[in-house]
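FYI, it's all coordinate maths here, none of it is from the lab. Small disclaimer: the values here were computed from a predicted structure and weren't measured. Backbone-built Cβ (ideal geometry, glycine too); neighbour counts: all protein chains shown.
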2 protein chains.
Amino acid sequence: MDEPRGETGTERIGIARSPGAHDRLTERDRQILHAVVTDYIASAEPVGSRTISRKYGLNLSPASVRNVMADLEEAGYLQQPHTSAGRIPTDKGFRFYVDLLEPRPLSRQEQERIRSRYNTPLGDGAEVLRETSRLLSAFSSLAGLAVAPRIEATRFRHIEFVRLRERDILVILVTETGVVHNKLIHADEPLTQDRLHEISNYLNSIIAGLTLRQARERLLAEMRADKALYDRLYAEAQALARRAFESAEESAESEVFIEGKLSIAEQPEFASVEKMKALFKAFEEKSLLIKLIDKSMQARGLQIIIGHESEADEMAGCSLILSHYTVGDEVVGTLGVIGPTRMNYSRVIPVVDYTARLVSRLLEQ
Amino acid sequence: MDEPRGETGTERIGIARSPGAHDRLTERDRQILHAVVTDYIASAEPVGSRTISRKYGLNLSPASVRNVMADLEEAGYLQQPHTSAGRIPTDKGFRFYVDLLEPRPLSRQEQERIRSRYNTPLGDGAEVLRETSRLLSAFSSLAGLAVAPRIEATRFRHIEFVRLRERDILVILVTETGVVHNKLIHADEPLTQDRLHEISNYLNSIIAGLTLRQARERLLAEMRADKALYDRLYAEAQALARRAFESAEESAESEVFIEGKLSIAEQPEFASVEKMKALFKAFEEKSLLIKLIDKSMQARGLQIIIGHESEADEMAGCSLILSHYTVGDEVVGTLGVIGPTRMNYSRVIPVVDYTARLVSRLLEQ
DNA sequence: CACTGGCACTCGCAGGGGGCGAGTGCCAAC
DNA sequence: GTTGGCACTCGCCCCCTGCGAGTGCCAGTG
């Protein structure tokens with residue numbers, strides 16, 4: 001990262017890899033395995049020894065290639081859908097391929113095409129995320145994914161209470177990134193809208209710029225310090241804030257944006273109704289995705305999760321490419337794509353990488 | 001509607017029908033057509049003359065039934081998927097069936113099961129709608145649908161401005177039904193958060209309880225009356241309000257909640273990948289649905305839209321059952337289900353009808 | 001004259017068999 | 001270690017056949 005961040009797009013893309021695996025393969029094994037994966041990505045068909053021998057300039061006869069392929073199958077990199085068919089890569093085979101991928105950064109032209117998607121004025125934070133996942137889908141022909149920051153991790157900008165009925169109060173929380181959360185809470189005693197205004201003014205003066213946890217601590221500290229002073233107002237504010245924060249933690253589900261699910265259905269591997277249903281089920285139950293994404297938040301840089309590595313059966317045959325967007329130096333959210341394991345990694349990785357940088361930049365304006 | 005509204009659920013269900021059609025059918029034609037539709041709804045298979053003759057106690061030989069069925073086919077009520085198969089109803093056939101359906105109201109027990117879904121505290125208005133479409137899906141085994149009120153039709157409860165950056169301002173509009181809309185707007189000149197508070201206080205005092213149109217008119221009226229008085233504050237408020245209302249009109253899309261799309265995919269008529277894709281496409285492009293729903297808003301009572309009646313190719317083979325929910329006596333939103341034309345109307349209609357009444361009651365608390 | 005039983009006919013569908021082609025595994029030769 | 005050759009395997013496509021459900025038509029009957 002010697003270059004200015006994201007400006008030129010010429011810096012290398014930092015991909016989390018699994019170093020030192022695949023050590024037992026000879027150079028020729030590697031070349032052939034790489035060729036098989038490449039061909040399979042392009043054709044979606046089992047790859048035969050003849051094809052490799054002809055198309056990939058290795059100067060090896062089909063028979064030699066067959067021998068190597070048999071070894072690779074033994075070692076778990078390839079598999080045969082049935083005897084007398086070509087081979088297709090296993091997840092492990094894809095992992096090998098991805099681990100030594102060195103994707104070229106996007107061309108200036110492509111960068112510009114992506115950037116221009118943000119030129120028209122976008123609405124609130126949710127709108128930015130939706131548009132982001134839409135563009136990821138459009139540029140990868142896969143399903144695009146964007147996830148709002150987990151509310152514990154993000155900083156508040158504003159809190160507001162609106163009185164709906166006597167004790168039903170709508171809490172509106174605006175985060176630093178412009179995402180709006182709202183939730184209904186119940187007050188113990190009736191409160192007027194004016195009173196609610198006082199309370200939100202008070203809370204805003206305290207919590208702006210803090211994370212959920214910090215805000216909690218800060219409130220406790222304030223309580224000790226000023227308790228005598230504000231007393232009544234303070235007690236009410238405490239009660240409301242507690243509830244508001246409680247409920248804020250629950251509402252993670254709605255903050256996952258997946259767009260372009262259909263383009264994934266175009267891929268030949270989902271031509272069967274069963275597979276398609278399984279996939280859409282995974283999309284509908286977002287908790288599964290959230291779990292995966294949470295896991296990826298712990299690592300830095302671009303993550304690639306291939307098939308079974310997600311440890312979820314519903315995602316069999318699917319890969320995720322995820323990156324993070326940041327505010328300051330804090331990782332605040334995730335974006336990426338979901339597609340079949342047989343996706344065009346070298347095309348998609350730079351798109352995800354560049355988009356993540358771009359969104360980060362956008363958020364810091 | 002002599003009974004107390006929605007209380008007992010014993011009142012007849014008001015369905016919009018097309019009276020006077022089908023007049024050219026004899027009583028026997030009707031019986032047989034009804035039997036064919038009934039059987040097809042249950043079996044999803046083409047219905048033969050023998051089946052009708054045996055199962056529906058008409059005391060007619062298969063041959064006679066065949067003659068009638070041939071007439072019904074001529075008249076456009078039935079069709080044959082191919083020679084030497086049974087008949088299936090056309091959209092017109094379903095229309096006939098639905099027009100003389102007199103669905104039994106839900107049993108108390110069922111009513112209670114639905115009601116209990118609203119016992120746990122729900123979040124904001126959007127959460128209510130999402131839960132509603134979820135329950136519609138669960139009780140019908142089809143896709144459930146709930147649409148937030150069009151913003152022009154709904155009354156405001158609260159408006160709030162939050163300053164994100166110097167001129168980027170987040171508008172938060174809360175409607176009478178507790179649905180929160182938010183949108184980013186740009187101010188011509190920098191405004192402090194305090195100033196924004198003043199503005200929202202001022203606007204709230206004016207627009208609460210008004211519809212979008214009324215609010216606009218009211219603002220104009222205020223301008224003439226008090227212009228000299230508030231002047232600066234007033235001009236700023238005007239500018240912001242105009243933009244807020246403008247953008248409020250755009251954001252219709254996000255307010256359609258469809259849940260349980262997958263249960264529709266279980267139906268045998270969507271076993272082909274092509275049909276399934278077409279359907280999901282229709283779901284993803286919500287504008288199509290919005291158009292249909294807008295049309296239905298003009299009518300009162302329960303609407304049934306069968307297949308081509310929607311005038312949208314994507315909805316071929318699908319029916320919608322829609323009803324409205326109200327606040328006071330105003331229709332404010334739509335809910336219902338989407339399923340294959342071959343759905344169990346007599347089961348689903350009461351569910352939609354009861355749910356609509358229930359949601360209306362909930363909103364008036 | 002409406003209804004019915006009978007009969008020939010039409011199709012869709014499932015199952016079996018044969019030919020084709022891609023690809024493999026193995027082996028003997030270089 | 002590499003290669004060409006060869007027998008073998010299997011999935012796929014296509015054709016054919018038989019079966020069954022259902023139709024249309026017609027002649028007979030109360």
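Here are a few things to note about the model shown:
- Mean Cβ count within 10 Å, highest first, over the residues of peptides A:100-109, B:24-33: B:24-33, A:100-109
- Cα gyration tensor shape for the protein assembly as shown, rounded if a/c is under 1.5, else prolate or oblate: oblate
- Crossing angle, helix A:232-250 versus chain A [Cα axis fit, 0-90 degrees, rounded to tens]: 20 degrees
- Neighbouring partner chain Cβ atoms per residue of A:165-172, average, 10 Å criterion: 3
- Loop sites in segment B:238-343: trypsin sites (Lys or Arg not before Pro), DSSP, at most 13 other Cβ within 10 Å: B:ARG300
- Relative contact order %, segment B:153-235, counting alpha carbon pairs below 8 Å whose residues are six or more apart: 30 percent
- Alpha-carbon centroid distance for the pair segment B:36-102 / segment B:108-128, whole angstrom: 39 Å
- Across peptide B:119-126, the mean count of Cβ atoms from other chains lying within 10 Å of each residue's own Cβ comes to 4.
- The packing ranking of peptides A:74-85, B:352-363, highest mean first, is B:352-363, A:74-85, where packing means the average number of other beta carbon atoms within 10 angstrom of each residue.
- Average beta-carbon neighbours from other chains, 10 Å sphere, peptide B:199-206: 1
- Cα gyration tensor shape of chain B, rounded if a/c is under 1.5, else prolate or oblate by comparing a/b with b/c: prolate
- Prolate/oblate/rounded label for segment B:239-365 (Cα gyration tensor, a/c 1.5): oblate
- With Cα atoms, 0 to 90° folded angle of helix B:125-140 axis to chain B main axis: 10 degrees
- Rel. contact order, % - alpha carbon contacts under 8 angstrom, at least six apart, chain A: 20 percent
- Helix A:62-74 vs. chain A, principal-axis angle (Cα, 0 to 90°, nearest 10): 40 degrees
- Protection-proxy order for peptides B:151-164, A:170-183, B:206-219, each taking the mean of Cβ atoms within 10 Å per residue, highest first: A:170-183, B:151-164, B:206-219
- Label spacing, shortest first and in nm, from B:ARG218 to its equivalents in the remaining copies (7 angstrom along Cα→Cβ): 3.4
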